[in-house]
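Trainee: Have a look at this one before I ask anything.
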Amino acid sequence: MSTFHTSNSIAHLPLLLGALLCLGLLASSLTLSGCDPLSNDGNTGDDDTGDGGGDDDDGGDTPSEYSYDLGDEAPSGVICGAPEATPPEGALCRVSEGTDALLVQGIILADEVLMGGQVLLDEVGRIACVGCDCSSEPEAAGASQLSCPFGVVSPGLINTHDHISYTQNWPEPHGAERYEHRHDWRRGRNGHTELHVSGGASTEEKAWGELRFVLGGATSILGSGNSDGLLRNLDRDQEGLGAESVHYQTFPLGDSGGATLDSSCGYPNIDSPSVLQTPYAPHISEGIDLGARNEFVCLSSEENGGTDLLAANTAIIHGVGIGAADASLIAYEGAKVIWSPRSNVDLYGNTAPVTMLDSLGVTIALGTDWTASGSMNVLRELACADFLNQDYYGGWFGDWDLWAMTTERAAQAMGIQEATGSLRDGLFGDIAIFDGREVPTNPFRAILDASPGQVHLVLRGGEVLYGDSAVVAALPTGGTGCEELPMDICGQSRRACLSRELGTSYAALEAANASSYSLFSCDTPPDEPSCVPFRPGEYEEATTADPDGDGVPQIKDNCPTVFNPVRPLDQGDQRDHDDDGLGDACDPCPLGEDDDGECIEFDPDDRDADGVSEDLDNCPTIPNIDQLDYDEDGTGDACDPCPTRPNAP
């Protein structure tokens, strides 16, 4: 069981500053011992938008010892020994050639953070050992060795939401216009400007898009399409992963034509429960109006002709237009939410209520969406999430929480946690190694701040996909079918295994993508969609009077440090389900507390959590504790389209 946990309300309080410097004994070989547990006092890193840090250099002065400097809520850390001597000429890693098995040493992000720990991959690319010392394992005998004293060894990043058949597109500008529902920009609904984005990416364009993600440290994607080679396509060809394919559904209501409803469930074609036979990832509630919320109602209940498709293997993509009762139902069913903050903010000026989802224990994963309004790679999506967390959510999440949204929690959302997403014995060796020399005490921050220049090696099942030229050339799986890239990557030479993976060369791939979106960027990518919450006339920037930038003055804001604007679906008020004066976005108990001060648990017989059981509730999907029914037709005013006169029988 992993120690990377869903943060609770205590973790969201300001953390005390401090550090504990732990010195290890000098070690002259890759074998390290004498693991020392660390206490975790300190902060979660600098406020940073993660703009990438520009061109790489030699990493600066390499520290002579390890220390681990995170807060009490962070994963525990262990110092396995002193770092080995710095590799020559500013390199992050050095290779000692041996068998096809590989022993990796560095800062290991496993169940614990192992400073100077090891990961052993067997000859078929499975993880055989994770710990301070794996040298006694049978697979270690004669294994190739990769020593990266300040390399942050992470599971390969998992992108849980993209549309790879649109990956050739550059960002689609729309000025200051913001939308209320996805069909507003898809179909020009409600007086909005329609956005025209071309699909149908060629095989070469999709391969270019996958390479773009690999350069950002990814090894898996849920992308509604695929290109053979490179990434594990979790809904298609998984490159040998052997897990159940995810049922990816962009239109679970059959509403590709733009059908929207504020109530009732008369959509063209709602998915049947049979989709739940495998992991299921539907787009639900992409928007901030009543129509977006109604999508959730009709896909989580059989009321009004809906179909209940919430289950433990459901991962809701977007989930923007939901409330506290909806989030509680998601948590109760064990469903997950895939968060795409950049695309949401760019299109709607708002995003999923992730702080509320976190309070209720919902597993959250991260996904890029697409290049038209989202991020070019997972690192840029992490940068957006980190920016929102620091500047708009009051530092609600720890750095490790955001990282876990692209690794362990992403794997849980995809139903592949027993195959990849963590560094654990028996799992596939999907690994990305990042440069940790700039922030050696906080390896998670090293990833959040990374650009492609800080990605030094990417392995899929122990097989090299991309990395430092010298390292790739020296590794057993990097000698055949891999080529030197003709350009540097943020000042670094890199090799990519394109011939082996794609059956083509970089030159041919580049020629086929002359007009496609950029492969990488060392700083903010060109024309990158906005991650700054903005809706003209509602909220435009954070100010002294409104520090969380949600358009509600701090003196009146029921979450003064957590962004929670009034959405069209909120009908004029900031959401506060339990009416305790603390908004749902920052309330550790959004449904309220019992007489003992404990959070009220969700009741499946009261799905709107208004205290009235469904068999008696005159609005079973909309909270209305007062049960007002002006026209006495049996339908409460809160959900009655004609509240002043009886509805027709």
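Trainee: Which percent of Cα pairs goes in each bin when the distances of the chain are cut into 10 angstrom slices starting at zero?
Mentor: 3, 16, 27, 26, 17, 8, 3, 1, 0
Trainee: Now a separate question. Past the 29 angstrom mark, what percentage of all C-alpha to C-alpha distances in region 235-387 do you count?
Mentor: On the way: 1538 of 11628 pairs.
For region 235-387, the share of Cα pairs beyond 29 Å comes to 13 percent.
Trainee: Enter the accessible area per residue of region 567-649 (Å², integer; probe 1.4 Å; all protein chains in place).
Mentor: On the way: 4950 Å² over 83 residues.
The answer is 60 Å² per residue.
Trainee: Given only helices, namely DSSP H runs of n ≥ 4 each adding -39500 (n - 2.57), what is the per-residue ellipticity at 222 nm of the chain, to the nearest 500 deg cm²/dmol?
Mentor: Values: 13 runs with 102 residues, N = 649.
Value at 222 nm, helices only: -4000 deg cm²/dmol.
Trainee: For region 73-156, what does the alpha-carbon gyration tensor say about shape, rounded, prolate or oblate, given a ≥ b ≥ c as the root eigenvalues, a/c under 1.5 as rounded, and a/b over b/c as prolate? Write out the running numbers ahead of the final one.
Mentor: Working: a/c = 1.82, a/b = 1.15, b/c = 1.58.
Verdict is oblate for region 73-156.
Trainee: Tell me the relative contact order for region 454-516 as a rounded percent, counting alpha carbon contacts under 8 Å between residues six or more apart.
Mentor: On the way: 85 pairs, mean separation 16.0, N = 63.
With pairs under 8 Å counted, the relative contact order is 25 percent.
Trainee: Let me have the relative contact order for region 255-325, percent, based on Cα pairs under 8 Å that are six or more residues apart.
Mentor: Details: 117 pairs, mean separation 25.4, N = 71.
Reported as a whole number, the value is 36 percent.
Trainee: For Trp208, what accessible area in Å² do you get when you roll a 1.4 Å probe over the heavy atoms of the protein chains, rounding to the nearest 10?
Mentor: Probe radius 1.4 Å; accessible area of Trp208 about 20 Å².
Trainee: Now for a different question. Take every Cα pair under 8 Å in the chain that's 6+ residues apart, average their separations, divide by the length, and report that relative contact order as a whole percent.
Mentor: Relative contact order for the chain comes out at 16 percent.
Trainee: At 4 °C and 1.567 mPa s, grab the translational diffusion coefficient of region 278-323 from Stokes-Einstein with a Kirkwood Rh over Cα pairs, rounded to a whole number in µm² per second.
Mentor: Details: Rh = 10.6 Å.
For these conditions, the coefficient is 123 µm²/s.
Trainee: Another one. Probe radius 1.4 Å, ligands and nucleic acids ignored: give me the carbon and sulfur share of the accessible area of the chain as a rounded percent. Working shown, then result.
Mentor: Values: 11190 of 23440 Å².
Whole-percent figure for carbon plus sulfur exposure: 48.
Trainee: While we're looking at this one, here's another question. For all pairs of alpha-carbon atoms in region 448-571, what percent lies in each bin of width 10 Å, listed from the first bin to the last filled one?
Mentor: Spelled out bin by bin, region 448-571 gives 11, 27, 20, 13, 18, 10, 0 percent.
Trainee: If I fit a long axis through the Cα atoms of helix 203-215 and take the longest principal axis of the Cα atoms of the chain, what angle between them do I get, 0 to 90°, rounded to 10?
Mentor: 70
Trainee: Report the extension gain between Asp633 and Asp596 in nm, rounded to one decimal, defined as 0.36 nm multiplied by the number of residues separating them, less their alpha carbon distance.
Mentor: Taking Asp633 through Asp596 to full extension adds about 9.5 nm, to one decimal.
Trainee: Just the Cα atoms of region 87-229, one point each, no solvent: what log10 I(q)/I(0) does Debye give at q = 0.10, 0.15, 0.16, 0.21 Å⁻¹?
Mentor: With no solvent term, the Cα-only Debye profile gives -0.56, -0.87, -0.92, -1.21.
Trainee: Another question, then. Which sequence of Tyr166, Tyr506 reflects their accessible areas, 1.4 Å probe, from the largest down?
Mentor: Numbers: Tyr166 70, Tyr506 10 Å².
Result of the area sort, largest leading: Tyr166, Tyr506.
Trainee: Suppose accessible area is computed on protein heavy atoms with a 1.4 Å probe; arrange Thr371, Thr504 from highest to lowest. Intermediate results must be reported in sequence, preceding the final value.
Mentor: Values: Thr371 10, Thr504 40 Å².
Sorted by accessible area, descending: Thr504, Thr371.
The values are calculated or read from the model by the stated rules, or taken from the named source; none is laboratory data. Note that the structure is predicted; figures quoted are calculated from it, not measured. Note: areas computed on protein heavy atoms with side chains; ligands, DNA, RNA excluded. Shrake-Rupley method; radii C 1.70, N 1.55, O 1.52, S 1.80 Å.
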